[in-house]
Amino acid sequence: MDLTAFLNSGLLELYLIGTLDQEEVLLVNQMRFAHPEVAAELASLEAFFEREALQQAVKPDPEFNDKMESLFLNLEIEQAMQLSDPPLITSFSNADAWFKMISPLLPKNDFDGRFEKLLRNDDKVMQALVITPEGVEEEVHENMHESFLILKGTCICTIDKETITMGPGAFMQIPLHQPHTIAVVTESVIAILQHVEC
């Protein structure tokens, strides 16, 4: 291929953004090693793309940085899994690790009804271990985020008109201002319930 035509073909730009097929990549590599002008043009285009990316970059919202920092800190706390400092439950939570941690708190004898054990209660967060054969009637939360992590058993969560079946390992955060109900479909459910103030 004529060198000038090759340089004007647009293949170098497509090569740098990774949209060429294998034959075209092979052609660009052959031309780059055979012609110093192609190697120089590739270097120039790379520098241009980098400058443009930096100029067009959007700084993340400071709240996003805070949320990410909190998430990573919580993941570190979850690695330790200590009852004295329980992590927040999230979609990344490990239900097996949680069950192992709360096992010493489980009732020793058979019991009927509902069992609750407070795990954490501070200015912003309330967490409890809940064992229940009963569901939750319709409720709406206006100023706190409710979430739960299912450790054992199965329930059906209905949010507005959407129905979700949840078993061990399932995590749910209830959206604010949305009516929701929970129906227990097994003999009972063991879950971590969490309320976080907005």
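Laboratory data are not the source of any read-out in this text; all were calculated from the coordinates shown. Just so we're clear, the structure is a prediction, and the values are computed from it rather than from any experiment. Cβ coordinates were reconstructed from backbone atoms using ideal geometry, including for glycine residues, and neighbour counts include every protein chain displayed.
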### Task
Let me know the whole percent of all Cα-Cα pairs from the chain that are separated by more than 19 Å.
70
### Query
Stretched out fully, how many nm does the piece from Thr186 to Ala57 gain, at 0.36 nm a residue minus the Cα gap?
41.4 nm
### Query
For the chain, what does -39500 (n - 2.57) per DSSP helix run (n ≥ 4), summed and divided by total residues, give at 222 nm, in deg cm²/dmol to the nearest 500?
-11500 deg cm²/dmol
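About its Cα centre, how strong a charge dipole does segment 3-56 have in debye, to the nearest 20, once Lys and Arg get +1 and Asp and Glu get -1 at the Cβ? Walk me through the numbers before you get to the answer.
On the way: 2 positive and 9 negative charges, 23 e Å.
Dipole of segment 3-56, to the nearest 20 debye: 120 debye.
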### Task
Please report, to one decimal in angstroms, the Kirkwood hydrodynamic radius of segment 92-197 built from all distinct Cα-Cα pairs.
14.2
### Task
Could you sort out which of Lys117/Lys152; Lys67/Lys124; Lys67/Lys152 sit more than 26 Å apart by Cα distance in this structure?
Lys67/Lys152
### Query
So what are segment 1-72's ellipsoid semi-axes, whole angstrom, largest first, if each one is the square root of 5 times an eigenvalue of the alpha-carbon gyration tensor?
37, 14, 9
### Query
Where in segment 33-69 does the amide nitrogen come within less than 17 Å of the point 7 Å from the Cα of Val25, taken along Cα to Cβ?
33
### Task
Rounded to the nearest 0.05, what FRET efficiency do Ile17 and Lys108 give with R0 = 41 Å and r taken as the Cβ-Cβ distance? Could you check?
0.05
#### Entry: Cα lying deepest toward the dipole's positive end in segment 3-56, options Ala40, Gln30, Ser9, charges on Cβ
Ala40
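Taking neighbour counts of Cβ atoms within 10 Å as a proxy for exposure, in what order, fewest first, do Leu176, Leu54 appear?
Least crowded to most crowded, the residues run Leu54, Leu176.
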